[in-house]
Amino acid sequence: MAWRLALAALALAWVAVADARHSSTTLDPRRATPGINLELVEAARGAAGDSVKYRLRVKGLPQGQAFGVWTKSFGRDFNEVVPELRDGIELDLGPYPRGAAWWVAIATADQKTTAFARVVPYPIAARDGACSLSLELISLYGNRFIALADGFPAGEEVEIETRASGTVSRKRQRAAADGRLPLDVVEHGTLSADSVARYMVKARACSPAVEYRWGDSALKDH
């Protein structure tokens with residue numbers, strides 16, 4: 001789970017909440033209350049192009065305590081969007097950048113009892129056979145991502161190839177015993193008119209690859 005904690009510490013989230021009542025800088029997923037589980041369940045979309053909506057699924061909620069619902073979008077603090085948790089709540093995400101994470105929290109008024117859930121609504125992801133690859137946006141300038149790769153043969157050395165702004169860079173990494181590659185920070189340091197990049201992991205049996213936009217283009221809503 002260490003890689004998930006590291007990613008959560010690096011990742012940000014971005015989207016305006018029209019009915020936000022107030023914000024909080026103290027809600028912290030690292031201080032979630034043990035025993036309470038919050039899950040986001042994506043609702044079925046009526047048509048292609050519809051925005052993503054999520055329902056809340058909560059387990060282990062203590063009796064006799066009232067909870068508000070908060071969301072955290074890219075580069076912003078948590079904002080309260082529903083003053084009291086109730087059945088049937090559906091959160092409409094609205095437009096959102098590809099690869100950016102989105103947080104939802106439930107918290108008591110004093111914010112001492114909390115639970116958190118995190119999703120990437122519009123992932124930058126690919127799969128080839130058992131191998132999977134995803135990139136997560138972590139920079140407000142749109143130029144830095146975290147690459148996560150899984151499903152590779154234990155101990156195999158793979159080649160990582162990045163193409164951007166007419167340049168190609170390559171490096172090698174070795175898959176861990178669980179098939180994961182080490183977290184890879186992908187950074188594009190120079191702005192360019194060509195803001196499309198490609199990231200590929202080449203193994204013997206698979207080669208997942210993603211194309212994505214970076215810079216200002218990465219911050220545009222999906």
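The values are calculated or read from the model by the stated rules, or taken from the named source; none is laboratory data. These numbers were taken from a predicted model, which means no experiment stands behind them. Cβ: placed from backbone, ideal geometry, glycine included. Neighbour counts: every protein chain shown.
Collect the residues in the range 45-72 that are hydrophobic (A, V, I, L, M, F, W, C) and part of a loop (DSSP other than H, G, I, E, B), keeping them in residue-number order.
Across the range 45-72, the qualifying residues are ALA47, ALA48, VAL52, LEU61, ALA66, PHE67.
Taking interchain pairs and intrachain pairs at least six residues apart, which have beta carbon atoms under 6 angstrom, with the first residue in the range 115-140 and more than 23 Å from GLU161 (Cα to Cα) and the second of a type in the set (Asp, Glu)?
Going by the 6 Å Cβ cut-off, the qualifying pairs are ALA117/GLU39.
Within the range 144-165, can one find any residue that is part of a loop (DSSP other than H, G, I, E, B), in contact with a Leu (Cβ under 8 Å, 6 or more places away or on another chain) and over 16 Å from VAL201 (Cβ atoms)? Write out each step before concluding.
We begin by selecting, within the range 144-165, every residue part of a loop (DSSP other than H, G, I, E, B); these are 151-156, 165.
Next, only the ones that are in contact with a Leu (Cβ under 8 Å, 6 or more places away or on another chain) stay: 152.
Imposing the further condition that a residue be over 16 Å from VAL201 (Cβ atoms) reduces the set to none.
No - not one qualifying residue is present in the range 144-165.
Being surrounded by fewer than 18 Cβ atoms within 10 Å (Cβ to Cβ) and under 15 Å from the mean Cα position of the chain (by Cα) is the filter here, so list the residues in the range 146-162 that pass it.
none
Give me a count of the residues in the range 31-51 that are surrounded by 11 or more Cβ atoms within 10 Å (Cβ to Cβ) and among the aliphatic types (A, V, I, L, M).
Of the residues in that region, 6 qualify.
Looking only at residues that are of a type in the set (A, V, I, L, M), outside any loop (DSSP other than H, G, I, E, B) and under 13 Å from the mean Cα position of the chain (by Cα) in the range 88-127, which one is nearest to TYR212 (Cα to Cα)? Write out each step before concluding.
Of the range 88-127, the ones of a type in the set (A, V, I, L, M) are 89, 91, 93, 100-101, 104-107, 109, 115, 117, 119-120, 124-126.
If we keep only those that are outside any loop (DSSP other than H, G, I, E, B) as well, we get 91, 104-107, 115, 117, 119, 124-126.
When the remaining residues are screened for being under 13 Å from the mean Cα position of the chain (by Cα), the result is 104, 117, 119, 124-125.
On the way: VAL104: 25, ALA117: 25, VAL119: 19, ILE124: 7, ALA125: 10 Å.
Only one residue fits best here, namely ILE124.
Restricting to the range 118-145, and then to whatever is touching a Ser or Thr at 6+ places or on another chain (Cβ under 9 Å) and among the aliphatic types (A, V, I, L, M), can you tell me which residue is surrounded by the fewest Cβ atoms within 10 Å (Cβ to Cβ)?
ALA125
Looking only at the range 128-142, which residues are in a loop (DSSP other than H, G, I, E, B) and either more than 18 Å from SER217 (Cβ to Cβ) or in contact with a helix residue (DSSP H, G or I) (Cβ under 6 Å, 6 or more places away or on another chain) (or both)?
Hits for the range 128-142 are GLY129, ALA130, ILE138, GLY142.
For residues that are farther than 12 Å from ILE160 by Cα and either under 19 Å from the mean Cα position of the chain (by Cα) or in a strand (DSSP E or B) (or both), scanning just the range 189-209, find the one that is modelled with the highest pLDDT.
Looking at the filtered set, the residue picked out is ALA197.
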